[in-house]
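Report on the structure given below.
The values are calculated or read from the model by the stated rules, or taken from the named source; none is laboratory data. On a predicted model such as this, the values are computed, not experimentally measured, just so you know. Note: ideal-geometry Cβ built from the backbone for every residue, glycine included; neighbour counts use all protein chains shown. For the accessible areas, the whole protein counts, side chains as well, though only heavy atoms, and no ligand, DNA or RNA atoms are used. Shrake-Rupley method; radii C 1.70, N 1.55, O 1.52, S 1.80 Å.
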Amino acid sequence: KQAEPASAPEPAPQAEPALPYDPARCVRLVPMVVEAPLTEEFERKLSKDRPVLIFSDNAKLTKAFQHELDKLGVPSHIMTSQKTRSKNTTIINWDDIADVEKNLREFAAENPPVQGLIFLLGCRTSVLDLGVNAHEDMVRYVMPYFLSCKVFEKALADQNGADTFISVHVTHDGAFGYRTEKPFDPFYGAIDGVTQCLRKDMYELAKTRTKLID
């Protein structure tokens, strides 16, 4: 028998030419952490007559922020669930939404209008495990922020003698999760997401500037 001729080898697949960037075809953006140096500084004024509220269960951080406000002559008041005999402190049960709102409204009624809110409840170490309860975390770490914006909206809209502000802090990885591959507690995302939404609302309603800091 005569041997059949060998078939010609199939041509190697050719790489498709790169297409020019077209925003309409972009289906996924990948955020990257980059340096963003301050290009312009603004002199922001604080009042020595209006309090700044610090929401914190971290005694060390609380003292650090209080110390900086004291140096500026700015009064501060602490909202915490930790038992303490410190002056200018209100003890609140973060797990009880009604108790949180009650204490906030009582403070608003009995004191000068607040000029700033500093949230340190997100400054904690938490990993994703079977013990995480997303609903409880939302009530404890996010709702106090939401209720504060609700209760103090009019006070923060009063720019008399002060550039009112909200400062929200978390201790994640220094880059809102973009520098770590470890699974993390969803409460970080809850705080970050609510802050991003409310910062727009609070600026439109009260001209109050919000900063989210990791």
For this session: Hey, can you tell me all the residues within region 134-177 that are closer than 22 Å to Asp214 by Cβ and aromatic (Phe, Trp, Tyr)?
Result: Tyr141, Tyr145, Phe146, Phe165, Phe176
Exercise. With respect to the numbered conditions (1) surrounded by fewer than 19 Cβ atoms within 10 Å (Cβ to Cβ); (2) over 14 Å from the mean Cα position of the chain (by Cα), which one is the sole condition not fulfilled by Ile78?
Worked result: (1)
Problem set entry | Within region 22-36, considering residues that are under 20 Å from the mean Cα position of the chain (by Cα) and free of Cβ contacts under 8 Å to residues at least 12 places away in the same chain, the one most open to solvent (accessible area, probe 1.4 Å) | Glu35
For this session: Name the one entry in Tyr188, Tyr203, Tyr145, Tyr178 that is open to solvent by 30 Å² or more (accessible area, probe 1.4 Å) and in a helix (DSSP H, G or I).
Result: Tyr203
Seminar exercise, completed: In region 172-214, anything within 20 Å of Gln66 (Cα to Cα) and in contact with a Phe, Trp or Tyr (Cβ under 9 Å, 6 or more places away or on another chain) is listed as Thr210, Lys211, Leu212, Asp214
Exercise. Looking at (1) under 25 Å from Gln82 (Cα atoms); (2) surrounded by 14 or more Cβ atoms within 10 Å (Cβ to Cβ); (3) of a type in the set (Lys, Arg), which is the one condition that is false for Lys150?
Worked result: (2)
Exercise. Can you find a residue in region 118-141 that is assigned to a loop (DSSP other than H, G, I, E, B), touching a Leu at 6+ places or on another chain (Cβ under 9 Å) and among the charged types (D, E, K, R)?
Worked result: no
Seminar exercise, completed: Reported set for region 90-117 where residues are closer than 21 Å to Leu46 by Cα and surrounded by 13 or more Cβ atoms within 10 Å (Cβ to Cβ) is Phe107, Ala108, Asn111, Pro112, Pro113, Val114, Gln115, Gly116, Leu117
For this session: Please indicate, with yes or no, whether at least one residue in region 31-49 is over 28 Å from His169 (Cα atoms) and either outside any loop (DSSP other than H, G, I, E, B) or modelled with pLDDT of 90 or more (or both).
Result: no
Exercise. What are the residues in region 71-109 that are among the aromatic types (Phe, Trp, Tyr) and either more than 22 Å from Lys154 (Cα to Cα) or in contact with a strand residue (DSSP E or B) (Cβ under 6 Å, 6 or more places away or on another chain) (or both), if any?
Worked result: Trp94
Exercise. Which of the residues that make up region 55-112 are free of Cβ contacts under 8 Å to residues at least 60 places away in the same chain, aliphatic (A, V, I, L, M) and not in a helix (DSSP H, G or I)?
Worked result: Leu72, Val74, Ile78, Ile91, Ile92
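Return a yes/no flag: does region 42-52 have any residue that is open to solvent by 40 Å² or more (accessible area, probe 1.4 Å) and touching a strand residue (DSSP E or B) at 6+ places or on another chain (Cβ under 6 Å).
Pass one, region 42-52, residues open to solvent by 40 Å² or more (accessible area, probe 1.4 Å): 42-46, 48-49.
Narrowing further to those that are touching a strand residue (DSSP E or B) at 6+ places or on another chain (Cβ under 6 Å): none.
Looking through region 42-52, none of the residues is open to solvent by 40 Å² or more (accessible area, probe 1.4 Å) and touching a strand residue (DSSP E or B) at 6+ places or on another chain (Cβ under 6 Å).
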